[in-house]
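The values are calculated or read from the model by the stated rules, or taken from the named source; none is laboratory data. Remember, it's a predicted structure, so these values are computed and weren't measured experimentally. Note: ideal-geometry Cβ built from the backbone for every residue, glycine included; neighbour counts use all protein chains shown.
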There are 2 protein chains.
Amino acid sequence: MSQQRAQSSGVASGGGPGFPDLPEATVARLPEYLRALHNLADAGHDTVSSEGLATAAGVNSAKLRKDLSHLGSYGTRGVGYDVTLLIEQIEQVLGLHETRAVALVGIGNLGHALARYAGFASRGFHIAALFDADRDRVGELVNGMAVRHMSDIAAVVADEGISIGVIATPADAAQVVADDLVAAGVTSILNFAPCVLAVPDGVDVRKVDLAIELQILSFHEHRKSTLTALPAKVVGQ
Amino acid sequence: MSQQRAQSSGVASGGGPGFPDLPEATVARLPEYLRALHNLADAGHDTVSSEGLATAAGVNSAKLRKDLSHLGSYGTRGVGYDVTLLIEQIEQVLGLHETRAVALVGIGNLGHALARYAGFASRGFHIAALFDADRDRVGELVNGMAVRHMSDIAAVVADEGISIGVIATPADAAQVVADDLVAAGVTSILNFAPCVLAVPDGVDVRKVDLAIELQILSFHEHRKSTLTALPAKVVGQ
DNA sequence: AGGCATTTGTGAAGACTTGCACAAATCGCG
DNA sequence: CGCGATTTGTGCAAGTCTTCACAAATGCCT
Ligand SMILES: NC(=O)c1ccc[n+]([C@@H]2O[C@H](COP(=O)([O-])OP(=O)(O)OC[C@H]3O[C@@H](n4cnc5c(N)ncnc54)[C@H](O)[C@@H]3O)[C@@H](O)[C@H]2O)c1
Ligand SMILES: NC(=O)c1ccc[n+]([C@@H]2O[C@H](COP(=O)([O-])OP(=O)(O)OC[C@H]3O[C@@H](n4cnc5c(N)ncnc54)[C@H](O)[C@@H]3O)[C@@H](O)[C@H]2O)c1
């Protein structure tokens with residue numbers, strides 16, 4: 001059993017044929033760079049400077065250059081980065097060249113919104129199956145896809161080659177669902193339920209908790225109202 | 001204009017009557033401790049050790065103790081922390097003793113789910129108003145509350161004392177909405193649209209991007225499949 | 001061809017965060 | 001009352017991340 005949150009930031013690779021060490025903080029920013037690059041490409045830019053891309057991604061340009069330097073040297077001094085080439089490189093590193101199949105579990109309020117969201121498909125993910133424990137929900141069509149019962153999960157995950165599971169069930173069901181997903185062969189989980197999940201080594205978990213985000217904002221609101229006239233800057237995530 | 005992401009981690013207070021410096025990393029964990037404490041309280045626990053709370057919150061116990069030490073000393077050596085007292089303290093620090101009014105903008109797929117979500121109210125937030133630019137949506141009842149048009153935003157934010165805005169519009173509308181929210185007097189924004197927002201100093205922005213979360217998981221999936229037999233631990237957020 | 005403006009890639013310094021290890025404090029019990 | 005078991009609070013060291021500052025590389029212009 002491993003607990004939430006990482007302690008080792010460096011993503012080791014050894015001397016194998018794989019990719020070089022990539023700091024976790026860098027990995028977390030690459031998707032943001034990628035999004036900004038797609039916008040630039042759509043706007044017709046062929047190249048972009050670190051300054052321009054950094055602004056578009058909302059980061060410091062030195063940080064951006066250091067991040068990109070970890071992928072190798074794909075910029076041209078005096079010119080900048082080739083937008084198309086850099087997109088290609090980042091997608092390669094993030095493993096987005098192959099579409100990943102995702103299972104969505106818990107088709108309630110949030111699950112419906114996620115199932116209907118087009119933004120996943122356009123960024124390399126394919127929602128391959130919807131699951132719920134409620135027999136009344138099974139069979140319902142959401143965005144053209146039928147909701148299946150949890151009892152099918154092992155077979156479907158195997159058949160569809162699903163590697164990522166998204167949990168959108170109530171918190172008290174999340175651990176059971178996580179166990180089911182892991183047993184079915186899922187090795188990455190995105191958890192929307194407000195709870196800590198225990199999973200075996202080798203399984204990655206990321207958590208999104210909206211109430212936590214609001215509470216962090218609340219802290220800064222509180223601070224702003226308590227202490228007058230402080231130059232409160234934008235809060236990092 | 002300030003850009004996304006913070007650089008200064010220490011949350012300054014000067015020597016004023018307010019709270020001591022609180023590292024940003026600590027602030028981000030306090031809500032998690034709070035949730036775990038509420039669970040413990042519901043389960044009938046009066047006190048909890050740093051080890052027990054750390055496990056429930058998914059963190060290292062030394063880190064938890066250091067975090068709590070920043071709030072002052074509210075534990076008892078040899079015993080642990082008083083659950084009720086600690087809840088009280090953390091809520092105080094996070095500014096949750098007063099309910100905060102929230103405006104939700106963009107009542108589409110995601111907006112509907114957020115509007116119907118009960119978890120906000122139970123954690124100190126009150127969704128005070130729903131806004132959309134689509135005249136066909138205005139007037140629609142969601143969870144017993146009518147959707148209002150964007151043109152009302154200034155008046156409603158002032159009337160309801162709204163300090164936090166949640167943006168759930170498409171990305172290309174998000175900056176305009178942010179500008180409207182700020183102009184209306186909102187000083188904290190939670191942004192679900194996949195884009196960087198520019199806001200004046202004094203306004204805090206936090207971003208939630210589901211595609212980014214999936215892409216980070218994708219990176220680790222890619223790494224796991226490329227490099228064999230590595231003890232990949234759980235990924236921190 | 002040479003010089004100049006531009007921009008990358010990176011060494012080094014500094015800031016922040018984590019985790020260990022242990023002294024100090026507290027409680028329960030004999 | 002004193003002692004041992006327990007658990008907090010924290011100094012310190014190690015690790016990670018950010019930022020500055022500048023040499024090196026590149027392209028453009030004359
Ligand atoms: N709705 C939101 O905007 C929102 C926001 C933040 C967090 N969340 C969190 O997301 C989760 C889902 O929220 P929601 O509003 O969609 O809740 P919901 O009650 O509308 O939906 C939960 C769904 O999970 C299904 N479910 C329950 N137990 C299950 C199990 N063991 N296996 C499979 N499916 C099961 C239920 O049948 C239901 O369809 C909750 O944990 C909530 O705290 C929701
Ligand atoms: N649905 C999801 O699960 C999901 C997941 C991740 C991210 N997102 C992001 O959240 C945002 C909303 O997603 P969605 O699926 O709900 O989209 P949607 O199209 O269903 O809803 C968007 C809503 O915003 C309204 N709107 C448009 N322009 C506006 C303006 N200027 N002012 C006020 N309202 C305006 C529209 O009328 C519509 O009701 C998008 O940016 C999307 O990328 C959604």
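Here is a yes/no grid of residues against (1) of a type in the set (S, T, Y); (2) near DNA strand D (Cβ under 9 Å from one of its atoms); (3) at positive phi:
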{"residue": "B:K66", "(1), (2), (3)": "no, yes, no"}
{"residue": "B:G72", "(1), (2), (3)": "no, yes, yes"}
{"residue": "B:G80", "(1), (2), (3)": "no, yes, yes"}
{"residue": "B:R100", "(1), (2), (3)": "no, no, no"}
{"residue": "B:L110", "(1), (2), (3)": "no, no, no"}
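Going by the conditions given, is B:S225 more than 16 Å from ligand 1 (Cβ to nearest atom) and facing another protein chain (nearest Cβ under 7 Å)?
On the way: more than 16 Å from ligand 1 (Cβ to nearest atom): yes; facing another protein chain (nearest Cβ under 7 Å): no.
Judged against the criteria, B:S225 is not a match.
Among the residues of region B:129-136, is any away from DNA strand C (no atom under 16 Å from the Cβ) and under 27 Å from B:Y33 (Cβ atoms)?
no
When you check A:R65 against the structure, is it under 26 Å from A:K207 (Cα atoms), modelled with pLDDT of 95 or more and not assigned by TED's automatic domain parsing to the domain that holds A:F125, yes or no?
Considered against the rule, which asks whether it is under 26 Å from A:K207 (Cα atoms), modelled with pLDDT of 95 or more and not assigned by TED's automatic domain parsing to the domain that holds A:F125, A:R65 comes out as no.
Looking at region A:153-192, which of its residues are out of contact with any strand residue (DSSP E or B) (no Cβ under 8 Å at 6 or more places or on another chain) and away from ligand 1 (no atom under 14 Å from the Cβ)?
A:A155, A:A158, A:D159, listed by residue number.
Give the residue that is surrounded by the most Cβ atoms within 10 Å (Cβ to Cβ), with candidates limited to residues of region B:98-112 that are closer than 22 Å to B:P31 by Cα and modelled with pLDDT of 95 or more.
B:L104
Which condition does B:M145 not pass, out of (1) closer than 25 Å to A:F192 by Cα; (2) crowded, with 18+ Cβ neighbours inside 10 Å; (3) more than 14 Å from chain A (Cβ to nearest Cβ), if it passes all the others?
Going through (1) closer than 25 Å to A:F192 by Cα; (2) crowded, with 18+ Cβ neighbours inside 10 Å; (3) more than 14 Å from chain A (Cβ to nearest Cβ) one by one, B:M145 breaks only (2).
Working carefully through the options A:A101, A:A113, find the one that is within 14 Å of chain B (Cβ to nearest Cβ) and within 16 Å of ligand 1 (Cβ to nearest atom).
Just one listed residue meets the conditions, A:A113.
Considering only residues that are within 16 Å of ligand 2 (Cβ to nearest atom), in a loop (DSSP other than H, G, I, E, B) and in contact with an Asp or Glu (Cβ under 8 Å, 6 or more places away or on another chain), which ones fall in region B:118-139?
B:V138
Out of all the residues in region B:44-61, which are within 12 Å of chain A (Cβ to nearest Cβ) and either within 17 Å of B:I87 (Cβ to Cβ) or among the aliphatic types (A, V, I, L, M) (or both)?
B:L53, B:A54, B:A56, B:A57, B:V59
Where the second residue is assigned to a loop (DSSP other than H, G, I, E, B) and basic (K, R) and the first is assigned by TED's automatic domain parsing to the domain that holds B:L110 and farther than 19 Å from A:A113 by Cβ and lies in region B:142-170, which pairs have Cβ atoms under 7 Å and are six or more apart or on separate chains?
Sorted first by the residue in region B:142-170, then by its partner, the pairs are B:H149/B:R135.
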